[in-house]
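What follows is a single structure, written as structure tokens, with notes after it.
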Amino acid sequence: RHYNFCAGPAALPTAVLERASREILDYQGRGLSVMEMSHRSSEFIAIAERAEADLRALLAIPANYRVLFLQGGASLQFAMLPLNLLGKGGSANFIQTGIWGKKALTEARHLGFECVVAASSEANGHIEVPPQSTLTPSADAAYLHYTSNETIGGLAFDYVPKVDAPLVCDMSSDILSKPIDVSDYGVIYAGAQKNIGPAGLTLVIVREDLLDQAVTPSPTLFNYRQLAEAGSMVNTPPTYAWYLAGLVFQWLQEEVGGLEAMREINQRKAQKLYAAIDSSDFYSNPIAVRSRSLMNVPFVLADEALDAAFLREADAAGLLNLKGHRSVGGMRASLYNAVPEAAVDALIDFMADFEQRKG
Ligand code: PLP
């Protein structure tokens, strides 16, 4: 297998894919694939419950939080959040640090909800997260939304905002990369396709007291309370993605050794790559050091005309998907949990060699 630096859908742990491939035709002697099971069967219910229990253990999720395994991606949550949290009035507040946070705000506005920008890094081109002291949530804030890691810009929060309103966090691209304190949040959500599993599954972790603030009437499939009461099975859930996510949770616990161990590995990977970029005049990354993402490392070459050769040669060397997002160009190396340290070492060696030949 080649080294895959894709921002999402991203690399999955090889051990997880090997296990899934061993079980794909005949799950534990049942003579059928997980893909072919009823979601109401005892076998699948056991898979689903184990996945939730393992996730709860990994993140130390308190008992007063519900875990939902949904569809529609993180993008559907941009709409579901105001629909579920603004039924009793108030406004949605946002910290804007990049493209994904802006989409969340735009969607809430599009639905007609009152939206307030409580802080923004737009004026500095999203190169540094606004400090806590600059947050100005409105008095009627029903919640404050932020994006802990902006996947495209490579900008990450180095603190958890402290405000009176419930915190809502889009953790699509850094969930499970390090320990967090779930009790700091009202809602945490994430599309699965980076650190959780394959695309098609969306995780929502919601505090119980926030389950009953939905706009009425609301579609059943958009309603946190109804989804929670139905065990995320109002309709057919993405069963295979749920099963694979469960295997990823087991891998994190049993093979990596939990989220503290994962954090150390992720820090080491990112620090190496930033050090290589900073020590060269040929590569650069614009983000303020305190706001640099451990998961997505964007960088540009001094001479844009070399971009195509860089990508072509990297691909030929087995270093895949280094092209930056179409909206920003340049390069981006995503270093999610499943990207091994050896991949980062190989990338750094390739970058040094390319610079020596072309710089
Ligand atoms: N939020 C963040 C931080 C993301 O990185 C992405 C996708 O890359 C999304 C939201 C949108 O996720 P989805 O494609 O699951 O809707």
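Can you find even one residue in segment 50-59 that is basic (Lys, Arg), surrounded by fewer than 22 Cβ atoms within 10 Å (Cβ to Cβ) and more than 16 Å from the ligand (Cβ to nearest atom)? So far as segment 50-59 goes, yes, one or more of its residues are basic (Lys, Arg), surrounded by fewer than 22 Cβ atoms within 10 Å (Cβ to Cβ) and more than 16 Å from the ligand (Cβ to nearest atom).
Taken as a whole, the structure leaves Val160 outside the set of residues that are more than 16 Å from the ligand (Cβ to nearest atom), touching a residue at least 60 places away in the same chain (Cβ under 8 Å), in a loop (DSSP other than H, G, I, E, B) and not aromatic (Phe, Trp, Tyr). On the stretch given as segment 163-220, residues that are touching a helix residue (DSSP H, G or I) at 6+ places or on another chain (Cβ under 7 Å) and away from the ligand (no atom under 16 Å from the Cβ) total 13. Got a sec? Which of Phe78, Phe94, Phe113 is under 21 Å from the mean Cα position of the chain (by Cα), more than 29 Å from Asp54 (Cα to Cα) and not polar (S, T, N, Q)? Going through Phe78, Phe94, Phe113 in turn, just one is under 21 Å from the mean Cα position of the chain (by Cα), more than 29 Å from Asp54 (Cα to Cα) and not polar (S, T, N, Q): Phe94. The combined condition, being in contact with a Phe, Trp or Tyr (Cβ under 6 Å, 6 or more places away or on another chain) and surrounded by 13 or more Cβ atoms within 10 Å (Cβ to Cβ), is not fulfilled by Ile265.
The rows are residues; the columns are (1) surrounded by 15 or more Cβ atoms within 10 Å (Cβ to Cβ); (2) under 23 Å from the mean Cα position of the chain (by Cα); (3) within 19 Å of Ile61 (Cβ to Cβ).
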position: Val215; (1), (2), (3): yes, no, no
position: Asn223; (1), (2), (3): yes, yes, no
position: Glu255; (1), (2), (3): no, yes, no
position: Leu273; (1), (2), (3): yes, yes, no
position: Ser279; (1), (2), (3): no, no, no
position: Asn285; (1), (2), (3): yes, yes, no
position: Val289; (1), (2), (3): no, yes, no
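Among the helices (runs of 4 or more DSSP H) confined to segment 236-331, the ones with at least 2 residues that are closer than 25 Å to Pro198 by Cα and among the acidic types (Asp, Glu) are located at 259-278. The set of residues in segment 101-159 that are out of contact with any Phe, Trp or Tyr (no Cβ under 8 Å at 6 or more places or on another chain) and among the aromatic types (Phe, Trp, Tyr) comprises Phe113, Tyr143, Tyr159.
Tell me, please, whether a residue that is within 13 Å of the ligand (Cβ to nearest atom), of a type in the set (Val, Ile, Thr), part of a loop (DSSP other than H, G, I, E, B) and surrounded by 17 or more Cβ atoms within 10 Å (Cβ to Cβ) can be found in segment 87-99. Yes, segment 87-99 contains at least one residue that is within 13 Å of the ligand (Cβ to nearest atom), of a type in the set (Val, Ile, Thr), part of a loop (DSSP other than H, G, I, E, B) and surrounded by 17 or more Cβ atoms within 10 Å (Cβ to Cβ).
Restrict the check to segment 127-144 and report whether at least one residue is assigned to a strand (DSSP E or B), within 11 Å of the ligand (Cβ to nearest atom) and buried (at least 24 other Cβ atoms within 10 Å of the Cβ). The answer is no, given that none of the residues of segment 127-144 is assigned to a strand (DSSP E or B), within 11 Å of the ligand (Cβ to nearest atom) and buried (at least 24 other Cβ atoms within 10 Å of the Cβ).
Any residue in segment 182-193 that is crowded, with 24+ Cβ neighbours inside 10 Å and closer than 18 Å to Ala119 by Cβ? So far as segment 182-193 goes, no, none of its residues is crowded, with 24+ Cβ neighbours inside 10 Å and closer than 18 Å to Ala119 by Cβ.
Each value in this text was obtained by applying a stated rule to the coordinates, not by laboratory testing. Not measured: the values here are computed from a predicted model. Every residue, glycine among them, receives a Cβ derived from its backbone with ideal geometry; neighbour counts consider all protein chains shown.
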